[in-house]
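*Asks:* Below are the structure tokens for one structure; questions will follow.
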Amino acid sequence: MIEVLSQTYAYFLANQARFWTELGRHLTLSGSALALSLLLCVPLGIWAAHHTHLAQYVISAIGALRLIPSLAILFLALPYLGTGFGPALVALTVLALPPVLINVYAGILGVERAVIEAANGMGMTKRQLLVQVELPLAMPAIITGIRTAAVEVIASATLAAFIGAGGLGIFVTRGFALFEPRIMLVGAIPVAVLALFSEMVFGLIERRVTPPR
């Protein structure tokens, strides 16, 4: 094992320029997918929480996307969008939608009714109620959804190399094709570190925004 790690490090040193380029692509792809999922699902989750009679249909439709494997989503995008960054971004955004939407919905819906009634009694407008009461109280649940989505997207972005989007998956696929563990690990180890780092960062943020009991 030590010998394999030594070979992995030697390969990394010999291919640093390519590594940093693909790392940048991986981060750009993952960050863009996560940002798009937030832009779509935060407003949709808020709307669903305020229209509970229709929410079940929306949540069920988006939640069903979790049943589709990541690789299948990527290849389903091929006939319509081709290869490259675009289809990979769409596929990873679709992958990030369920955890973000479900947690935004649950967070807003979980705000105690007594708190909302008190805010209404103070004469708050709907916008003030949302910004000053509902979103702050729902933030721990929302951050949990973002944390889950971030880990899934970072890990699944490795598969984007199969459709020509680049990223650290380039090393994984090349190593697999050549039966070279040292090449695979150059991509796999950083992906694992990135996923753990995002888990840790969002976990810290979640604890910071969670009010003390």
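Coordinate-derived values only; no laboratory data. This one's a predicted model, so the numbers in the text were calculated from it and none came from an experiment. Positions of Cβ are generated from backbone atoms using ideal geometry, with glycine treated the same way; all protein chains shown enter the neighbour counts.
*Asks:* Specify, per residue and in Å³, the volume enclosed by the convex hull of the alpha carbon atoms belonging to the stretch 104-213.
*Replies:* 115 Å³
*Asks:* A follow-up question, please. Rounded to the nearest 0.05, what FRET efficiency do E117 and L67 give with R0 = 35 Å and r taken as the Cβ-Cβ distance? Could you check?
*Replies:* 0.35
*Asks:* While we're here: Kindly provide the Kirkwood hydrodynamic radius of the chain in Å, to one decimal, from all pairs of distinct alpha carbon atoms.
*Replies:* Kirkwood hydrodynamic radius for the chain: 18.9 Å.
*Asks:* Considering the chain as a Gaussian network with a 10 Å cut-off on Cα pairs, which listed residue, T52, T144, T158, attains the greatest mean-square fluctuation?
*Replies:* Looking only at T52, T144, T158, the largest GNM fluctuation is found for T52.
*Asks:* Give me the three principal axis extents of the stretch 160-208 from the C-alpha atoms, as integers in angstrom, largest value leading.
*Replies:* Taking the Cα atoms of the stretch 160-208, the three principal extents are 45, 22, 8 Å.
*Asks:* Checking understanding here: applying a Kyte-Doolittle mean of at least 1.6 and a length along the axis of at least 27 Å (C-alpha), which whole DSSP H helices in the chain pass?
*Replies:* Those that clear 27 Å and a mean of 1.6 are 85-109.
*Asks:* Could you grab the relative contact order for the chain? Cα pairs under 8 Å, six or more apart, rounded to a whole percent.
*Replies:* Normalised by residue count, the contact order of the chain is 27 percent.
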